[in-house]
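A.B. asks: Here it is, the structure, as structure tokens.
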Amino acid sequence: MTGTRTGGPRLTQPGASAAAANAARNAAKARAALTAWLARPLTSLHIVLGVFGLLTLLGLVMVLSASSVQSFEQVGSSYSVFRRQLLFCVAGLAVFWFGMRIPPKVLRALAPALLVGSLLLLAVVLVPGIGTVRGGARSWFVVGPISIQPAEVAKVALALWGAHVMAARQRVLGNWRQLLSPLLPVSLVLFTLIVVEPDLGTAVSLAIVVYALLFFAGAPLRLLGALTLGGLVGAVVLGFSAGYRQSRIMSFLSPSASDPLGSAYQAKQALYSLADGGLFGVGLGQGRAKWSYLPNAHNDFIYAIIGEELGMVGAVAVLVLFGLLAYVGLRIATRNTDPWLKLVVSTLTVWMVGQATINIGYVVGLLPVTGIPLPLVSSGGSALVTAMFVGGLLANAARHEPEAIAALRTHGQGRVAKLLGLRLPEPYRAPGARPSARSSAPSPREARPPAQRSGSSASSSGSSGSSSSSGWGAGSRRGAQRPVPGQRDGRRQVPGQRGRR
């Protein structure tokens, strides 16, 4: 009996091996193209513009779809909420342009005034007859068809002012009292005014801003741990201090035992909407949840409408866009040299992405319902205008990356930038650094890509600030004022030419 031989070498078809090699070459080319694109000086700016543009456009479309039924039921027109959102979007484009155009030094100088103004508005909105109650919270100024929520402005003002304070206190990071003395009391005042409204969701967003400021400033881990523990205790106390909050938490902890027509109604309807969407959705405008099944469909729970009408593909696309926002925000913060700008960009990025994470988390059932809107997507004028202003600040910071400054000053700005009246970004100079001729126009060495330059620690903007491992803002405490061997009066001497003039 003759057996078959199974241990011999396998024969592969030539077509299969050629296809695999071709796929590997294409993947290598794609990686090389992506790496080259990411290395361009203005890549961060292009990503910011693309992400904010897509999220804003998606928000307008979904607000129109999600609010059409409720608008028609209330005023007889399916476009009333959409028209109001479109009006605020136009205002948001104006503040986006302003955020791109204002010099960082000017904005930093205005930060204390913005914070004081926010404190006054938060106090005035609590006065009966001036502030308007909506959703159980007195947190709105209503002037005709326009409503303004000052708490949204307060979050950005706190980020700008807090970054100013933290950037100036890098030498006392180990001293808790000096580190927290200006920031924590002011934050507690803002927090108290917002809780009194009451608006626990906005208070959570404010806590994210404070924590991000301390984290990126390089605060000690013990301090961050203590604040985290205190924040969790405070959230539990506030969560059980009101009946409706307690019912939301209990329905989240035990969904099977909660009333499906009571406290758990909204969360369950959101899950039903996501389940109906499937992979590709039921079609834009064809969702059934907005027909008085899902409360706040165009506001807090608009992500459920996205999942129902656009399916899992649309829901994942939103996650990808916010993931890109997180990436580009931290990329801009890492590549900048201004310690204040580093803190502002990283804090605002964490705030927007953290708020989106909380919103999506409670829509899909991973967190208790808190009423935090989805940035740039949910209906709401104040939130939209504030988020677009943040986008303008991120775009402004992207234009102030050292490589971007060198490229813009070497090759000039494009037609769109000139049409918008955008100024050429100024290189950052650390406090006390002497201005030099290099700060006004970069040398050919500065215009080259970073891979072609030496490993010098001096940035292409001619500044002396650099980041360190202790935090985004740590670069301001190390002045690069030490004389370099062989350097005199800003001119490097060539060996063998000592004494030549």
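A.B. asks: How would you order 320-329, 184-193 from highest to lowest mean count of nearby Cβ atoms within 10 Å?
C.D. replies: Details: 320-329: 18.3, 184-193: 16.3.
Top of the packing list down: 320-329, 184-193.
A.B. asks: Order 426, 308, most accessible first, counting only protein heavy atoms with a 1.4 angstrom probe. Show your work: numbers first, answer last.
C.D. replies: Details: 426 115, 308 5 Å².
So the residues, ranked largest to smallest area, are 426, 308.
A.B. asks: Here's a follow-up. Just order 52-64, 367-379, 32-44, 81-93 by mean Cβ neighbour count inside 10 Å, highest at the front, would you? Don't jump to the answer; show the numbers that get you there.
C.D. replies: On the way: 52-64: 20.2, 367-379: 24.2, 32-44: 13.8, 81-93: 17.2.
Result, highest mean first: 367-379, 52-64, 81-93, 32-44.
A.B. asks: Which peptide among 231-242, 98-109 comes first, and what is the full order, when sorted by highest mean count of other Cβ atoms within 10 Å?
C.D. replies: Numbers: 231-242: 12.8, 98-109: 16.2.
Result, highest mean Cβ count within 10 Å first: 98-109, 231-242.
A.B. asks: Calculated FRET efficiency, residue 196 and residue 420, Cβ-Cβ r, R0 51 Å, to nearest 0.05?
C.D. replies: Numbers: r = 41 Å, r/R0 = 0.80.
Efficiency at R0 = 51 Å is approximately 0.80.
A.B. asks: Also, quick follow-up: Can you list the HN-Hα couplings for the range 403-411, worked out from phi with the Karplus curve (6.51, -1.76, 1.60; θ = phi - 60°), rounded to whole Hz and with x for Gly and Pro?
C.D. replies: Karplus-based 3J(HN,Hα) across the range 403-411 equals 5, 5, 4, 4, 5, 5, 7, 8, 9 Hz.
A.B. asks: Shifting gears a bit: Taking residue 290 as the anchor, which lysines have their alpha carbon closer than 27 Å to its alpha carbon, excluding any fewer than eight residues away along the same chain?
C.D. replies: Counting by Cα, and skipping residues close in sequence, residue 290 has these lysines nearby: 268.
A.B. asks: Can you tally the net charge around residue 281? Count Lys and Arg as +1, Asp and Glu as -1, for every other residue whose Cβ sits under 10 Å from the Cβ of residue 281. Kindly include the intermediate steps, with their values, before the conclusion.
C.D. replies: On the way: positive: none; negative: 276, 308, 309.
Every neighbour counted, the sum reads -3.
A.B. asks: Also, I was wondering about something else. Skipping prolines and chain starts, which residues have an amide H placed within reach, meaning under 5 Å, of the one on residue 139, given they are 5 or more residues away or on another chain?
C.D. replies: 132, 134
The values are calculated or read from the model by the stated rules, or taken from the named source; none is laboratory data. What you see is a predicted model, and the numbers here were worked out from it, not measured in a lab. Note: ideal-geometry Cβ built from the backbone for every residue, glycine included; neighbour counts use all protein chains shown. All accessible areas refer to the heavy atoms of the entire protein, side chains included, with ligands and DNA or RNA removed. Shrake-Rupley method; radii C 1.70, N 1.55, O 1.52, S 1.80 Å.
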